[in-house]
Amino acid sequence: VYILTDSGAFQAVMGWAVRKLRGNRLIMVAGFTTLFSLVNLVLSPHSFVAFVPFSILFARAIGYDAMVGVAMALLGGAVSFSTGALLATTVAAQTMVGLPIYSGASYRLLCMAVLLIPTILYIYRYGEQTRTGKRASLVADLERQEQGASAELPSEVHFHHILTMLLFVITIGLCIYLSLIHISEPTRPI
């Protein structure tokens with residue numbers, strides 16, 4: 001996480017995404033929340049507490065408060081965790097009762113998608129209400145303290161930013177893939 005932020009790779013890619021989507025906040029909230037939901041298919045939500053500063057930075061960059069950033073990361077992860085489509089605990093439970101591994105995963109993925117929609121809409125609605133002043137921010141005191149720390153994102157994405165993000169995604173993907181292999185075939189060496 002430190003390498004992503006210190007190199008500026010995450011901020012550069014976020015800035016690029018914000019510029020490409022031209023302020024369409026609903027798509028940005030939906031994309032970021034869904035990203036956390038998909039990554040949390042095999043991990044528990046507390047594993048992503050380290051990524052909350054990223055989502056807060058992203059939320060502030062699109063004009064929302066820190067609560068939206070926390071909600072995108074944790075609620076997105078909580079939706080996929082609660083459906084348990086590919087979690088190790090689900091696989092262990094299925095093994096203990098004699099069910100085939102990943103049986104019912106497609107149904108649980110469908111449930112995840114259905115639950116993700118109102119979650120995204122709720123986060124977006126809260127963000128829009130606080131951004132336009134129709135509702136007081138739940139973290140207004142924190143936002144006043146952090147006003148000096150603006151959410152300026154870099155205007156350019158360089159090759160080293162892309163390479164850093166690509167290596168990060170490959171590493172996470174490799175960890176997930178190897179975990180899934182080990183869960184489905186525990187006697188097979190990794």
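What to note about this one:
- Residue within the stretch 15-29 that is modelled with pLDDT of 80 or more, within 12 Å of the chain's Cα centre (by Cα) and either in a helix (DSSP H, G or I) or buried (at least 16 other Cβ atoms within 10 Å of the Cβ) (or both) present: yes
- Residues that are polar (S, T, N, Q) and surrounded by fewer than 16 Cβ atoms within 10 Å (Cβ to Cβ) within the stretch 82-106 comprise S82, T89, T95, S103, S106, listed in sequence order.
- Within the stretch 59-71, residues that are over 12 Å from R125 (Cα atoms) reach partners that are open to solvent by 40 Å² or more (accessible area, probe 1.4 Å) and of a type in the set (K, R) with beta carbons closer than 9 Å, at six or more positions or on different chains, in the pairs I62/R25; I62/R131; G63/R25; G63/R131; D65/R131; A66/R60; G69/R60.
- Here V157 fits the description: β-branched (V, I, T), assigned to a loop (DSSP other than H, G, I, E, B) and at pLDDT below 90.
The values are calculated or read from the model by the stated rules, or taken from the named source; none is laboratory data. Computed from a prediction, not measured in an experiment: that's the story for all the values here. Please note: Cβ atoms are built from the backbone with ideal geometry, for glycine as well, and neighbour counts cover all protein chains shown. Heavy atoms of the whole protein, side chains included, go into the accessibility calculation; ligands, DNA and RNA do not. Shrake-Rupley method; radii C 1.70, N 1.55, O 1.52, S 1.80 Å.
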